[in-house]
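The values are calculated or read from the model by the stated rules, or taken from the named source; none is laboratory data. Because the structure is a prediction, the values reported are computed rather than measured. For neighbour counting, all protein chains shown are included, and Cβ atoms are generated from backbone atoms with ideal geometry for every residue, glycine included. Quick note on the areas: whole protein, heavy atoms, side chains included, nothing else; ligands and nucleic acids left out. Shrake-Rupley method; radii C 1.70, N 1.55, O 1.52, S 1.80 Å.
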Amino acid sequence: MKSVQYFEDILKRAQSLPFLFIGSGFSRRYLNTENWEYLLRHFTDIIHPLDEYSYEKYESKAQQLLKDQNKEITKNNLYTTVADLIEVDFNNFWYTDERYAESRKIYRNEVKLHRISPFKIEIANHFNSLDMEKTPEKYSREIHLLKGIGKKSIAGAITTNYDKFLEYIYPEHTVYISQEELIFSPTFGINEIYKIHGCSSKPETIVINSSDYESFNKKNAYLAAKLMTIFVEHPIIFLGYSLEDENVQAIIKSIVDCLSEENLEKLKDRLIFVEWREGWTNFEVSFHSRDFGQGKSIGMTRIITESYEPLFEILLNNKAKYSTKLFRRLKQDMYELALTSQAPERILVMPFNDQQMENDEEPQVVIGFGILEFGRQGYRSITAQQIFRDIVFDDQNFISNFLVEETLPVVLKYAAYSLPVFKYLTNYSGILPNELERFINYTFEDFLTKTIRKNRERYNFQSIDEVIKKEKNLTRQVRFIQTIPEEKMDADRLHLYLKSILEQHPDILSSKSSQPIEVVTGIKKLIRMYDFLKYK
């Protein structure tokens with residue numbers, strides 16, 4: 001048995017942030033999706049709604065086919081063969097049944113010209129119909145923490161799931177769909193999601209039947225090579241998988257086969273399996289070993305828990321200095337610079353001449369990237385508009401100490417102290433300037449004017465979606481969202497709303513905005529409210 005500190009030390013010792021490896025149990029937890037077997041059962045029930053044993057008949061036939069072909073009956077072999085049988089019957093059903101008349105119109109070209117299976121199209125539609133915001137209330141804090149670790153605490157995620165939950169949780173991550181895309185695309189190992197079994201956004205990529213798996217397994221060595229760097233350089237946290245999962249074992253085995261005993265030893269601290277166990281009250285950390293044959297075994301850390309909150313809290317405390325989104329941009333820019341010799345606009349390069357290289361001189365190169373940091377003096381030129389936008393888009397990469405000490409004391413006076421500050425105070429280490437002391441005991445009630453209080457009593461809105469549904473006018477939306485009580489104000493939903501408004505009206509925060517003054521000041525107040533809810 002190991003302590004929680006052992007897990008924390010693994011993360012601290014690692015030279016890079018962890019990757020999440022996400023399985024079907026993860027989506028089942030938050031979206032109530034089916035596992036592989038029950039997804040297949042769902043489609044048999046569509047074809048044979050009155051036959052209680054329709055799935056069992058398919059399974060029995062699949063077992064006989066595998067025996068006739070002298071193939072080992074494993075879970076993967078069985079389910080892919082069942083999928084073959086269901087797919088044939090479902091496709092015939094889809095071509096004629098009235099329930100799919102509209103679908104046949106919509107996907108006519110996909111089926112007739114691109115030969116995409118109707119079975120895969122409807123699997124995609126099944127997952128696309130999920131409401132990502134309708135997650136169980138008991139997991140609301142887990143999801144809040146899960147979103148939080150995407151900023152600076154994980155490098156990315158790998159998944160065999162078809163649904164788009166990860167894209168919803170991490171909208172700023174770059175997504176690679178299918179084994180094919182991952183193999184043949186330049187990747188940067190940060191702020192990325194790898195969907196190796198396809199995605200519902202592209203039905204043709206879904207890996208479900210025996211020919212899909214045969215093709216997948218043929219390319220598995222290439223995928224293993226692509227994932228090798230990730231497994232060797234990052235801790236890998238498996239969520240929503242069983243230790244017995246054949247897909248995971250196949251990928252790990254492909255990697256293990258490529259490594260020497262010495263490098264396998266290095267890998268042992270990299271693999272972390274999280275086992276969900278109902279009713280388990282502890283967060284138990286232990287060591288586990290798995291034999292992969294040929295005298296090769298690999299050690300891994302196993303965590304047993306019912307709640308993922310402790311796991312996500314530990315990850316949240318293990319964060320990089322800058323966002324992973326920024327790191328990926330820089331990697332991509334440097335890649336483009338090396339490939340084309342043309343510096344992207346975010347990079348400034350002081351070139352060196354060829355003569356230095358010919359004379360075997362050490363070249364003197366200076367590369368600057370991101371926002372030009374020109375010392376404390378430069379922070380005095382930052383505007384209130386930049387600060388408001390940074391709260392919503394988190395893209396300015398300000399140094400909190402400089403901003404708190406050099407920018408806010410000046411800008412707050414001009415803005416009548418109506419600026420979002422809590423994001424920067426959260427990351428500030430130093431003696432707080434006098435101008436910011438008033439925010440120490442600030443409460444949500446301090447945002448409320450007499451007008452807001454009257455509107456709250458009169459209209460009694462309880463959620464942002466309730467306001468949006470009733471009020472289509474932007475002025476009235478902004479006016480009434482401010483009246484929602486603190487305990488009912490969903491910070492994540494408010495963030496999405498603010499992003500949408502700023503993207504639709506890029507000039508809304510400027511002095512030249514075409515919007516009514518009530519909208520401009522209201523949006524600024526909502527940004528301040530979000531800053532308070534998110535960071536206070």
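Can you spot a residue in segment 97-109 that is open to solvent by 30 Å² or more (accessible area, probe 1.4 Å), among the hydroxyl-bearing types (Ser, Thr, Tyr) and at pLDDT below 95?
Checking segment 97-109: not a single residue is open to solvent by 30 Å² or more (accessible area, probe 1.4 Å), among the hydroxyl-bearing types (Ser, Thr, Tyr) and at pLDDT below 95.
Any idea how many residues of segment 94-112 are out of contact with any Pro (no Cβ under 9 Å at 6 or more places or on another chain), under 29 Å from residue 56 (Cα atoms) and of a type in the set (A, V, I, L, M, F, W, C)? Break it down stepwise before answering.
Just the residues of segment 94-112 that are out of contact with any Pro (no Cβ under 9 Å at 6 or more places or on another chain), to begin with: 96-99, 101-102, 105-106, 108-109, 112.
Cutting the leftovers down to under 29 Å from residue 56 (Cα atoms) gives us 96-99, 101.
Next, only the ones that are of a type in the set (A, V, I, L, M, F, W, C) stay: 101.
Going through segment 94-112 one residue at a time, the tally reaches 1.
Are any residues in segment 181-211 surrounded by fewer than 19 Cβ atoms within 10 Å (Cβ to Cβ) and under 19 Å from residue 163 (Cα atoms), and if so, which ones?
181, 201, 202, 204
Among 311, 326, 315, which is farther than 29 Å from residue 253 by Cβ and buried (at least 16 other Cβ atoms within 10 Å of the Cβ)?
Going through 311, 326, 315 in turn, the sole match is 326.
Which one of the conditions (1) assigned to a helix (DSSP H, G or I); (2) in contact (Cβ under 8 Å) with a residue 40 or more places away in the chain; (3) hydrophobic (A, V, I, L, M, F, W, C) does residue 452 fail to meet, given that it meets all the rest?
That leaves (2) as the condition not met.
If I filter segment 418-433 for residues that are outside any loop (DSSP other than H, G, I, E, B) and either open to solvent by 70 Å² or more (accessible area, probe 1.4 Å) or touching a Cys at 6+ places or on another chain (Cβ under 9 Å) (or both), do I get at least one hit? It would help to see each step written out before you state the result.
Our first condition is that a residue be outside any loop (DSSP other than H, G, I, E, B); within segment 418-433, this holds for 422-426.
Add one more test, that the residue is either open to solvent by 70 Å² or more (accessible area, probe 1.4 Å) or touching a Cys at 6+ places or on another chain (Cβ under 9 Å) (or both), and what stays is 426.
Taking every residue of segment 418-433 in turn, at least one turns out to be outside any loop (DSSP other than H, G, I, E, B) and either open to solvent by 70 Å² or more (accessible area, probe 1.4 Å) or touching a Cys at 6+ places or on another chain (Cβ under 9 Å) (or both).
To keep it simple, each residue is scored yes or no on (1) under 29 Å from residue 193 (Cα atoms); (2) polar (S, T, N, Q).
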residue	(1), (2)
7	yes, no
11	yes, no
28	yes, no
35	yes, yes
40	yes, no
44	no, yes
48	no, no
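Specify the residue that is farthest from residue 247 (Cα to Cα); the eligible residues are those in segment 6-21 that are open to solvent by 10 Å² or more (accessible area, probe 1.4 Å) and not in a helix (DSSP H, G or I).
Step one: filter segment 6-21 for residues open to solvent by 10 Å² or more (accessible area, probe 1.4 Å), giving 6, 8-9, 12-17.
Adding the requirement that they be not in a helix (DSSP H, G or I) leaves 14-17.
On the way: 14: 26, 15: 27, 16: 25, 17: 24 Å.
Checked segment 6-21; the qualifying residue farthest from residue 247 (Cα to Cα) is 15.
Which one of 165, 127, 119, 188 is modelled with pLDDT of 95 or more and under 30 Å from residue 321 (Cα atoms)? Don't jump to the end; show me each part of the working.
Values: 127 fails: under 30 Å from residue 321 (Cα atoms); 119 fails: under 30 Å from residue 321 (Cα atoms); 188 fails: modelled with pLDDT of 95 or more.
Going through 165, 127, 119, 188 in turn, the sole match is 165.
Counting just the residues of segment 392-402 that are over 16 Å from residue 436 (Cβ atoms) and in a helix (DSSP H, G or I), which one comes out farthest from the chain's Cα centre (by Cα)?
Only one residue tops the list, namely 392.
Go through the residues of segment 65-74 one by one and say whether even a single one is more than 19 Å from residue 211 (Cβ to Cβ), surrounded by fewer than 17 Cβ atoms within 10 Å (Cβ to Cβ) and among the acidic types (Asp, Glu).
No: segment 65-74 contains no residue that is more than 19 Å from residue 211 (Cβ to Cβ), surrounded by fewer than 17 Cβ atoms within 10 Å (Cβ to Cβ) and among the acidic types (Asp, Glu).
Looking at segment 470-491, which of the residues that are in a helix (DSSP H, G or I) and over 28 Å from the mean Cα position of the chain (by Cα) is nearest to residue 524 (Cα to Cα)? Please lay out each step first, then the result.
Looking only at segment 470-491, we keep the residues that are in a helix (DSSP H, G or I), and these are 470, 474-481, 486-488, 491.
Filter once more, keeping what is over 28 Å from the mean Cα position of the chain (by Cα): 470, 474-480.
Numbers: 470: 22, 474: 14, 475: 13, 476: 15, 477: 14, 478: 10, 479: 12, 480: 14 Å.
The selected residue is 478.
Mind listing whichever residues of segment 98-147 are part of a helix (DSSP H, G or I), in contact with a helix residue (DSSP H, G or I) (Cβ under 8 Å, 6 or more places away or on another chain) and among the hydroxyl-bearing types (Ser, Thr, Tyr)? Quick ask: steps written out before the conclusion?
From segment 98-147, those part of a helix (DSSP H, G or I) are 98-106, 108-112, 118-128, 137-147; that's our starting set.
Applying the additional criterion that residues be in contact with a helix residue (DSSP H, G or I) (Cβ under 8 Å, 6 or more places away or on another chain) yields 100, 103-104, 110-111, 118-126, 139, 141-147.
Hits for segment 98-147 are 100, 103, 139.
Taking residue 132 and the conditions (1) closer than 26 Å to residue 491 by Cα; (2) more than 12 Å from the chain's Cα centre (by Cα); (3) buried (at least 19 other Cβ atoms within 10 Å of the Cβ), which numbered condition does it fall short on, given that it satisfies the others?
Here residue 132 meets the rest and fails (3).
The rows are residues; the columns are (1) among the hydrophobic types (A, V, I, L, M, F, W, C); (2) under 30 Å from residue 151 (Cβ atoms).
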{"position": "188", "(1), (2)": "yes, yes"}
{"position": "221", "(1), (2)": "yes, no"}
{"position": "242", "(1), (2)": "no, yes"}
{"position": "251", "(1), (2)": "yes, yes"}
{"position": "264", "(1), (2)": "yes, no"}
{"position": "267", "(1), (2)": "yes, yes"}
{"position": "290", "(1), (2)": "no, no"}
{"position": "298", "(1), (2)": "yes, no"}
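Within segment 450-475, count every residue that is within 23 Å of residue 391 (Cα to Cα) and open to solvent by 70 Å² or more (accessible area, probe 1.4 Å).
Residues flagged as within 23 Å of residue 391 (Cα to Cα) and open to solvent by 70 Å² or more (accessible area, probe 1.4 Å) within segment 450-475 amount to 1.
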